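The values are calculated or read from the model by the stated rules, or taken from the named source; none is laboratory data. Computed from a predicted model, the values in this text were never measured in an experiment. Reconstructed Cβ throughout: ideal geometry from the backbone, glycine too, with neighbour counts over all protein chains shown. All accessible areas refer to the heavy atoms of the entire protein, side chains included, with ligands and DNA or RNA removed. Shrake-Rupley method; radii C 1.70, N 1.55, O 1.52, S 1.80 Å.
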Amino acid sequence: MKNIPHDYYLKFLDQKVIEDTLEFHNKGNFTIHDCVKNISLLHNLPPQLLSDLTGNELQLYPDMDITTKGVKLEALEPTSPLHRNQSCDFFDDRDITFESIKKLISPLLSIGENTHKRGYPSAGALYSVEIFCCSLSPKNIWPCPEKILHLLPHSRKFEIMQGSYDASVIKEAILPTGSKIGNPSLAIIYVMYMPKTLFKYRYRGYRLALMETGSIYMLVDLQCKHLNIKSRQWSGYTDNMLCKAIGLNPTLFFPACVHLIGG
């Protein structure tokens with residue numbers, strides 16, 4: 001496998017495609033910060049209506065009783081390896097050993113030394129989603145003073161993100177003031193690197209990268225259950241603040257999801 005500099009992909013990128021995708025992506029972004037807490041609003045839906053609209057199945061013919069009568073589908077047994085735990089509502093302030101973190105990301109590594117294949121599908125084998133492990137707790141025993149590590153799946157190593165000494169910076173970017181989620185120990189951040197995402201499949205590459213992100217975080221979610229670790233997918237962050245905390249260019253790196261891990 002060749003070690004290609006990440007900015008080499010820019011040579012093959014259509015500038016209009018990246019500008020259009022950035023514009024669209026930003027429409028799904030929102031700012032969570034104290035400076036706008038009195039002027040920002042997500043929606044105006046009353047609680048009862050929101051409750052009515054939540055958790056429903058979508059029937060295409062709700063007024064017609066045309067279901068497959070007599071056919072009963074069986075849910076997974078709780079003991080099944082594919083049965084995920086419920087998302088954690090509150091994290092206690094507990095540490096996670098680095099050995100547990102290594103096991104947590106093991107499904108994401110290359111499956112062999114002589115292949116680029118990893119433990120999840122990727123369109124065209126581009127693997128355009130980058131994975132960052134961020135220590136959020138001072139109780140964690142970390143292998144270096146820096147608090148953010150970038151996964152290198154084929155090398156089976158972590159790349160140390162320079163300057164990331166202060167865990168409070170990344171924690172503030174992920175968890176807004178007043179969040180009631182508790183104190184997660186670790187954040188795994190899935191970030192789409194857009195030059196790699198778009199140079200081959202153009203606009204469709206954005207969709208494919210989101211599909212890849214879902215495959216990755218479901219594997220991590222199931223591994224959390226196997227290791228008896230609590231987890232929760234998290235979208236309550238602002239892209240630019242998150243990129244700044246990691247040390248990434250927000251016009252090229254788009255955060256897709258944060259995965260909170262803890263006890």
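When shorter helices are ignored and each DSSP H run of at least 4 residues is given -39500 (n - 2.57), the per-residue value for the chain at 222 nm works out to -8500 deg cm²/dmol.
On the basis of the beta-carbon distance and an R0 of 35 Å, residue 23 and residue 98 show a calculated FRET efficiency of 0.30. A Cα-only calculation for segment 130-263 places Rg and Dmax at 14.6, 43 Å. Segment residue 117..residue 63, full-extension length gain: 14.7 nm, with 0.36 nm per residue of separation and the alpha-carbon distance subtracted. Placing +1 on the Cβ of every Lys and Arg and -1 on the Cβ of every Asp and Glu, with nothing else charged, gives segment 54-203 a dipole about its Cα centre of roughly 560 debye. Which listed residue (112, 127, 167) has the Cα farthest towards the positive end of the charge dipole for segment 110-170, taking +1 on Lys and Arg C-beta and -1 on Asp and Glu C-beta about the Cα centre? Towards the positive end, the residue furthest out is 112. Here the 3J(HN,Hα) profile of segment 53-64, calculated from phi with Karplus coefficients 6.51, -1.76 and 1.60 at θ = phi - 60°, is 8, 9, x, 8, 8, 9, 9, 7, 10, x, 9, 10 Hz, Gly and Pro shown as x. Our estimate of slack between residue 168 and residue 227, defined as 0.36 nm per intervening residue step minus the Cα-Cα distance, is 18.6 nm.
Going down the table (117/157; 2/225; 69/230), which pairs top 28 Å between alpha carbons? All intermediate terms of the calculation are to be shown ahead of the outcome.
Numbers: 117/157 16 Å; 2/225 35 Å; 69/230 38 Å.
With Cα atoms farther than 28 Å apart: 2/225; 69/230.
The peptide list 176-182, 98-104, 42-48, put in order of mean Cβ contacts within 10 Å with the highest first, becomes 98-104, 176-182, 42-48. Applying 1/(1 + (r/R0)^6) with r as the Cβ-Cβ distance of residue 6 and residue 37 and R0 = 45 angstrom yields a FRET efficiency of 0.80.
Of the peptides 56-65, 133-142, 161-170, the ranking by mean beta-carbon count within 10 Å, highest at the top, reads 133-142, 161-170, 56-65. A Cβ-based charge dipole, computed about the Cα centre of the chain with Lys and Arg at +1 and Asp and Glu at -1, lands at about 680 debye. For segment 111-168 versus segment 187-228, the inter-centroid distance based on Cα atoms is 13 Å.
When the accessible area of the chain is split by element with a 1.4 Å probe, what percent falls to carbon and sulfur?
55
Amide H contacts of residue 256 (H built 1.01 Å from N, in plane; Pro and chain starts excluded): 190, 191, 192 sit under 5 Å, all sequence-distant by 5 or more or on other chains. From the coordinates of this entry, semi-axes √(5λ) of the Cα gyration tensor in Å is computed, and it appears in [x] 39, 22, 15; [y] 35, 25, 14; [z] 30, 24, 24 under the label [z]. Any idea which of 42, 10, 62 is furthest toward the positive side of the dipole for segment 1-87, if Lys and Arg beta-carbons carry +1 and Asp and Glu beta-carbons -1? Among 42, 10, 62, the one farthest towards the positive end of the dipole of segment 1-87 is 10. Rolling a 1.4 Å probe over the protein heavy atoms gives segment 151-263 an accessible area of 43 Å² per residue. The packing ranking of peptides 83-95, 198-210, highest mean first, is 198-210, 83-95, where packing means the average number of other beta carbon atoms within 10 angstrom of each residue. Toward the positive end of the charge dipole of segment 145-245, with +1 on the Cβ of Lys and Arg and -1 on the Cβ of Asp and Glu, the farthest Cα among 241, 184, 154 is that of 154. Using a simple spin-label model with pseudo-atoms 7 Å out from Cα toward Cβ, residue 156 and residue 14 lie 4.0 nm apart.
Surface exposure of segment 70-120, expressed per residue as accessible area with a 1.4 Å probe, stands at 74 Å².
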